[in-house]
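Have a look at the structure below, then the notes.
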Amino acid sequence: VKKIKNGAVAEMLAKGVPYKNKKVDILIRITMRDGEREAIVEAFCKKGGKVQFVTGVNFHPGKELYTDEQGHIATWGRHPADVSKNPINIGGGMVYKPGTLEQKKITKNAVLLISKPCKHYKTKIVSAGEREADLNNAEKFIQYVKNLKY
């Protein structure tokens, strides 16, 4: 983790990750800019060639889900009580470039994105909660995510 001009970056490097009968080194980087709600999440294959990255947004039963073909995902609902002493409604969202995907799959608890083989994959993520002044309900949060640009 390090401070950068107007923000901060966190990186994690995993070496020797098994991938299709070989070992690859994967670097994950999260960049936050001061005063911005969105975080940029990047995955790099640093050693081992192109790979298919898997990412997405998970959700719990009963959450509202919005997804479109332009690269937006948004969920909203009560955070489960087993994770929080005082559960509240929260939103989680992502924007991605649709042309980078080999597959988009909606399961009972996640929207999974599987990239085409590449050495670098990038998304933006965002969250909000019902205690905020602005993005405090599903309608507002989903509209916010719909307006995000990649």
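Read-outs: derived from the displayed coordinates by stated rules, not from any lab. Keep in mind it's a predicted model, so treat the numbers as computed, not measured. So basically every Cβ, Gly included, is an ideal-geometry build from the backbone, and we count neighbours across all protein chains shown.
Here is how the numbers come out for the structure above:
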| item | result |
| --- | --- |
| Selected from PHE53, GLY71, PRO98, residue furthest toward positive end of dipole (the range 35-137; charges at beta carbon) | PHE53 |
| Prolate/oblate/rounded label for the range 1-52 (Cα gyration tensor, a/c 1.5) | prolate |
| Amide H partners (placed H, <5 Å) of ASN89, local residues excluded | HIS79, GLU130 |
| Once exposed loop trypsin sites (Lys or Arg not before Pro) are cut out (DSSP; at most 11 other Cβ, 10 Å), longest piece of the chain | 21-84 |
| Vicinal HN-Hα couplings computed from phi for the range 13-30 (Karplus, 6.51 cos²θ - 1.76 cosθ + 1.60; Hz; Gly/Pro x) | 10, 10, 9, x, 6, x, 8, 6, 6, 9, 10, 10, 10, 10, 10, 10, 10, 10 |
| Value at 222 nm in deg cm²/dmol, rounded to 500, when DSSP H runs of n ≥ 4 in the chain each add -39,500 (n - 2.57) | -1500 deg cm²/dmol |
| Mean Cα-pair separation over length for the chain, i.e. relative contact order, pairs under 8 Å, 6 or more apart, % | 22 |
| Alpha-carbon spread of the chain, three principal axes, descending order, Å | 45, 38, 32 |
| Cleavage-rule hits, GluC sites (Glu not before Pro), the range 1-106, DSSP coil, Cβ neighbours within 10 Å at most 10 | GLU69 |
